[in-house]
Amino acid sequence: MDSTRSLGMEHLCKDKAAERYNTGVQKVDVTGFEQFQGSYELKGYTSRKESFVCSFDSDGQFLHLSMR
């Protein structure tokens with residue numbers, strides 16, 4: 001995974017979380033990046049301490065946002 005692709009995934013994850021939690025992108029932090037055999041997960045939280053996980057496939061395509 002190159003840094004450009006992982007940075008793009010981070011930005012997309014922040015955008016999706018900001019939309020879901022009705023907040024600004026600047027109030028969303030991505031704190032973890034995990035790679036599995038066929039996917040990636042980015043974990044984070046909002047300024048209101050709402051946790052989420054963004055899932056991506058092996059090509060870096062967004063799959064879904066899960067609230068945790």
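Is there any pair with a first residue in the range 1-28 that is more than 19 Å from residue 39 (Cα to Cα) and a second that is assigned to a helix (DSSP H, G or I) and of a type in the set (D, E, K, R) whose Cβ atoms are under 8 Å apart and which are 6 or more apart or on different chains, and what are they?
From the range 1-28, the pairs are 18/27; 25/14; 25/15; 28/14.
Answer with yes or no whether residue 19 is of a type in the set (D, E, K, R) and assigned to a strand (DSSP E or B).
So residue 19 fails the test.
Only the coordinates and a few stated rules stand behind these numbers; no lab work does. All of these numbers come straight from a predicted model, not from anything done at the bench. Cβ: placed from backbone, ideal geometry, glycine included. Neighbour counts: every protein chain shown.
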